[in-house]
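Below is one structure; the comments refer to it alone.
The values are calculated or read from the model by the stated rules, or taken from the named source; none is laboratory data. Bear in mind the structure is a predicted one, so any value in this text is a computation, not a measurement. Methodologically, a virtual Cβ is constructed for each residue, glycine included, from the backbone with ideal geometry; neighbour enumeration extends over all protein chains shown.
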Amino acid sequence: MAQQGDAGAYSSGAPPEQRSSLDRRQPTAYGSHNPRQQPPPAEEEEEVNDYDSDEATTLGSLEFSLLYQQESNSLHCSILKAKGLKPMDSNGLADPYVKLHLLPGASKSNKLRTKTLRNTRNPVWNETLTYHGLTEDDMQRKTLRVSVCDEDKFGHNEFIGETRVALKKLKMNTKKNFNVCLERVVPVSQTLKSHSGTARGISLYEDEAGKDGTEVEERGRVLISLMYSSQQNRLIVGVVRCVHLAAMDANGYSDPYVKICLKPDMGKKGKCKTQIKKRTLNPEFNEEFGFEIKHSELAKKTLDVSVWDYDIGKSNDYIGGCQLGITAKGERLKHWYECLKNKDKKIERWHTLLNENHVASD
């Protein structure tokens, strides 16, 4: 059975915008088992595949729905039920569960799974699994792989069948229903190869070419909130969560924490760090830090955000980082500018972590 130590970035039920960023329930492994918790109602579309192969129908069929919420950058995958699954056990039944991966780049950091149901060929899960931090660009180039497997307590879990959905088929904020016949493994060459030619194992993302032609590697994403409090004369920085972090330890995980540094000329009062989260590539922090500073001075400052892997007895490993400020570009500049312009308003944005420009860990 799959490891369950890496469920931190994935939650079920009510999407994140229905909770405040600092009042989130801790997600349970691979989603809640409460069948009543579903994503919010939305417009719906039906899609039934038209496989006419007799072979396909012998594997069984699967019903599920997908909803991408643009504002929160979240993809809600509601796994409903399967029918007529291929018998896998000697009693003519199966112990099925559903496993999700994002392609290209299937890894522990983007795997989700439902609970296992025992002794049934017609399981009803009614579970909602959620991917956070998926951008509209991801939705254009990623494929969701949905696999049904049979859990074996004493041996290897067995693959029953799968289906794949190109996420660009989904309309923003519109729930799409699927009722599909499971297939055997879809040829790898059709789905795993991206425009860069191959899929990387450790990360969900392909490499990006840097400004000077060198490769800058994406190492995950971080959700940061910014607010300037005019009442307190403080910049309030929230570290909400990270997703899809690079694995730095031999067990395929990391023990991440986030360092925040407001510079230059702030000294020790410009540095803060979160708690360490053990054995996860998708940590949820929900911590806030305040920096005393005049609003007029903020434009001269840069906020350095770095994510580290904690190691006992040796120097900590740098995972990735990003800098927000008026010298930044793209989303990092936009986020900083919005914070300066809108006092007393909390603004959350996802930022890509890059493996560059880091200083030594504490």
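Is it the case that some residue within the range 103-111 is closer than 12 Å to Asp150 by Cα, of a type outside the set (A, V, I, L, M, F, W, C) and either within 28 Å of the chain's Cα centre (by Cα) or modelled with pLDDT under 90 (or both)?
No, every residue in the range 103-111 fails to be closer than 12 Å to Asp150 by Cα, of a type outside the set (A, V, I, L, M, F, W, C) and either within 28 Å of the chain's Cα centre (by Cα) or modelled with pLDDT under 90 (or both).
For the range 280-297, which residues satisfy the criterion of being buried (at least 19 other Cβ atoms within 10 Å of the Cβ) and either under 17 Å from Lys341 (Cβ atoms) or touching a Ser or Thr at 6+ places or on another chain (Cβ under 6 Å) (or both)?
Hits for the range 280-297 are Leu281, Phe285.
Under the condition of being of a type in the set (A, V, I, L, M, F, W, C) and closer than 14 Å to Trp350 by Cα, which residue from the range 308-336 is surrounded by the fewest Cβ atoms within 10 Å (Cβ to Cβ)?
The residue in question is Leu333.
Out of the range 314-340, which residues are of a type in the set (Lys, Arg) and touching a strand residue (DSSP E or B) at 6+ places or on another chain (Cβ under 7 Å)?
Answer for the range 314-340, where residues must be of a type in the set (Lys, Arg) and touching a strand residue (DSSP E or B) at 6+ places or on another chain (Cβ under 7 Å): just Arg332.
Return only the number of the condition from (1) more than 27 Å from Ser225 (Cα to Cα); (2) at pLDDT below 90; (3) part of a loop (DSSP other than H, G, I, E, B) that Glu55 does not satisfy.
(3)
Out of (1) modelled with pLDDT of 85 or more; (2) outside the structural domain of Gly133 (by TED's automatic domain parsing); (3) farther than 30 Å from Lys269 by Cβ, what's the single condition that is false for Val216?
All conditions pass for Val216, except number (1).
With at pLDDT 90 or above, basic (Lys, Arg) and in the same structural domain as Asp344 (by TED's automatic domain parsing) as the only criterion, which of Lys263, Lys259 stands out?
Answer to the check: Lys259.
Determine which single condition Lys153 fails, assuming it passes every other condition in (1) closer than 25 Å to Trp350 by Cβ; (2) out of contact with any strand residue (DSSP E or B) (no Cβ under 7 Å at 6 or more places or on another chain); (3) surrounded by fewer than 23 Cβ atoms within 10 Å (Cβ to Cβ).
Looking at each condition in turn, Lys153 falls short on (1).
Being crowded, with 16+ Cβ neighbours inside 10 Å, in the same structural domain as Arg234 (by TED's automatic domain parsing), within 25 Å of Glu71 (Cβ to Cβ) and not acidic (Asp, Glu): is that true of Lys277 here?
no
Of everything in the range 311-325 that's hydrophobic (A, V, I, L, M, F, W, C) and in contact with a Ser or Thr (Cβ under 8 Å, 6 or more places away or on another chain), which residue is farthest from Asn282 (Cα to Cα)? Spell out how you get there, then give the answer.
In the first step, residues of the range 311-325 are kept if they are hydrophobic (A, V, I, L, M, F, W, C); the result is 312, 319, 322, 324.
Still in the running and in contact with a Ser or Thr (Cβ under 8 Å, 6 or more places away or on another chain): 319, 322, 324.
On the way: Ile319: 13, Cys322: 17, Leu324: 22 Å.
Checking each candidate, the answer is Leu324.
Could you grab me the full set of residues in the range 122-147 that are part of a strand (DSSP E or B) and acidic (Asp, Glu)? So that I can check it myself, show each step before the final result.
Within the range 122-147, the subset part of a strand (DSSP E or B) is 124-132, 143-147.
Across the range 122-147, the qualifying residue is only Glu127.
Residue under question is Arg200, and the condition is that it be over 30 Å from Lys343 (Cα atoms), modelled with pLDDT under 90 and not in a loop (DSSP other than H, G, I, E, B); does it hold?
For Arg200, the condition - over 30 Å from Lys343 (Cα atoms), modelled with pLDDT under 90 and not in a loop (DSSP other than H, G, I, E, B) - is not met.
Kindly establish whether Leu117 is in the same structural domain as Leu67 (by TED's automatic domain parsing) and farther than 14 Å from Lys81 by Cα.
Numbers: in the same structural domain as Leu67 (by TED's automatic domain parsing): yes; farther than 14 Å from Lys81 by Cα: no.
The answer is no for Leu117.
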